Amino acid sequence: MALWDKLKAEFIDIIQWLDDTNDTLIYRFPRYNNEIKYNAKLVVREGQTAVFINEGRIADIFPPGTYTLSTQNLPILATLKGWKYGFESPFKAEVYFCSTRQFTNLKWGTPGPCTMRDPEFGAVRVTAFGIYAIKIKDPALFIREVAGTDGSFTTEEIQDNLKGKIGLRIKEVMPELKIPVIDLESKVVTLGEMLKERIAPAFEGLGLNLTEIQVQDIGLPEEVERAIDKAGAMKAIGNMQMYTQYETANSINDAANNPGGLAAAGVGIGMGLGMGGQMAGAMGGAFTNMVQQPGITPGFSGGTAQTGTAGPPPLPSQTMQLFVAINGQQSGPFELLTLQQMVAGGQLTRDTLVWKQGMANWAAAGTVPELAAVFGTVPPPVPQ
């Protein structure tokens with residue numbers, strides 16, 4: 001190799017960066033021991049900015065374009081080098097390329113639950129997470145404040161710091177909105193815009209531009225989610241008494257088809273019907289008082305009780321509890337409302353053996369005076 005070719009190989013004549021990554025913010029051109037020669041070409045592509053640094057001090061900054069390096073294009077560097085009588089070739093300088101494109105799909109989340117005051121649920125602990133996007137706005141400031149002399153600075157190195165800033169700010173923003181927790185998910189766009197407005201100045205102090213922030217989901221405690229589900233179910237059901245009676249009747253039928261099932265389900269069925277009666281409120285109490293008055297027959301035509309000269313015997317106390325023999329097994333105890341459902345469903349007949357406290361032995365249901373009114377409301381079998 002000729003001496004001139006050897007010397008020529010020591011000089012850099014083209015400075016450029018072909019970015020084949022998707023997460024590099026800063027890239028230092030690998031100068032090694034080589035020097036930049038006079039009239040070298042600098043190529044800065046779209047989405048890039050080139051920064052020349054001399055002995056730790058930022059000198060000239062180049063936006064996208066192709067440049068021939070001379071004293072005319074390097075005025076600050078020429079001053080720092082002390083080139084009083086023209087360009088000195090070759091020269092040494094560090095060249096940093098900054099990627100100014102957007103970096104998207106960066107994740108953030110609250111570092112812990114945010115406590116909010118909700119008008120319906122009281123104090124609620126809420127979490128949130130989403131994504132954000134950034135780009136370098138001021139390359140010189142970003143190098144000074146963040147990257148320093150790092151030759152390959154990626155989003156991973158700063159992401160923990162940035163998502164921490166977002167997570168802490170959103171814990172301030174969500175309570176200030178005073179939006180009920182069940183409405184928060186419908187306000188995620190508003191929440192993201194407000195969050196961006198609050199955090200943008202902190203990012204600009206690092207030389208970054210927060211271009212977008214999305215709140216993708218709001219996390220509620222499990223107990224709050226269950227309460228919301230139950231409230232929606234209650235509204236969908238409407239008449240709770242009718243629903244409870246319907247469900248109980250279905251449970252009795254299912255249990256009757258399963259030997260031993262009714263015995264296991266008896267207590268729960270009685271409690272369910274009792275709760276349905278309580279939710280019926282004054283209506284159930286009025287019915288009981290009405291039918292216990294002599295000469296009054298329960299009727300609901302137009303909502304008014306109708307009187308008659310003859311009527312059934314008074315109904316037994318609503319607190320009466322009977323044990324019933326189903327499939328040869330003891331089931332219960334059952335309250336009156338449950339027994340009425342069982343008679344209507346055919347699980348309790350006049351011949352079914354029953355027992356209650358005070359009875360010496362099991363007896364046919366038709367011989368128990370308290371059940372006379374219950375059987376009286378059920379029509380006899382249709383003749384074949």
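Determine the gain in length on full extension of the stretch ILE61-LYS37; use 0.36 nm per residue of separation and subtract their C-alpha separation, reporting nm with one decimal.
On the way: separation 24, 0.36 × 24 = 8.64 nm, distance 1.84 nm.
Going from the current span to full extension adds 6.8 nm.
Between THR190 and GLU172, what length comes free when the chain is fully extended (0.36 nm per residue of separation minus the Cα-Cα distance, one decimal in nm)?
Working: separation 18, 0.36 × 18 = 6.48 nm, distance 1.45 nm.
This chain segment gains 5.0 nm when fully extended.
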> Counting other Cβ atoms within 10 Å, which trypsin sites (Lys or Arg not before Pro) in the stretch 128-178 have at most 15 and lie in a DSSP loop?
Replying inline: LYS178
> Which entries in the list LYS135/LYS171; LYS81/LYS137; LYS37/LYS135; LYS137/LYS196 go over 26 Å, if you measure between the two C-alpha atoms of each?
Replying inline: LYS81/LYS137; LYS37/LYS135
> How long is the gain from THR211 to THR115 if the chain were fully straight, where each residue apart is worth 0.36 nm and the alpha carbon distance is subtracted?
Replying inline: 31.8 nm
> Which loop-located chymotrypsin sites (Phe, Trp or Tyr not before Pro) does the stretch 44-93 contain, where loop means any DSSP state but H, G, I, E or B and the Cβ has at most 11 other Cβ atoms within 10 Å?
Replying inline: TYR85
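Every number in this text was worked out from the coordinates using simple rules, so none of it is lab data. This one's a predicted model, so the numbers in the text were calculated from it and none came from an experiment. Reconstructed Cβ throughout: ideal geometry from the backbone, glycine too, with neighbour counts over all protein chains shown.
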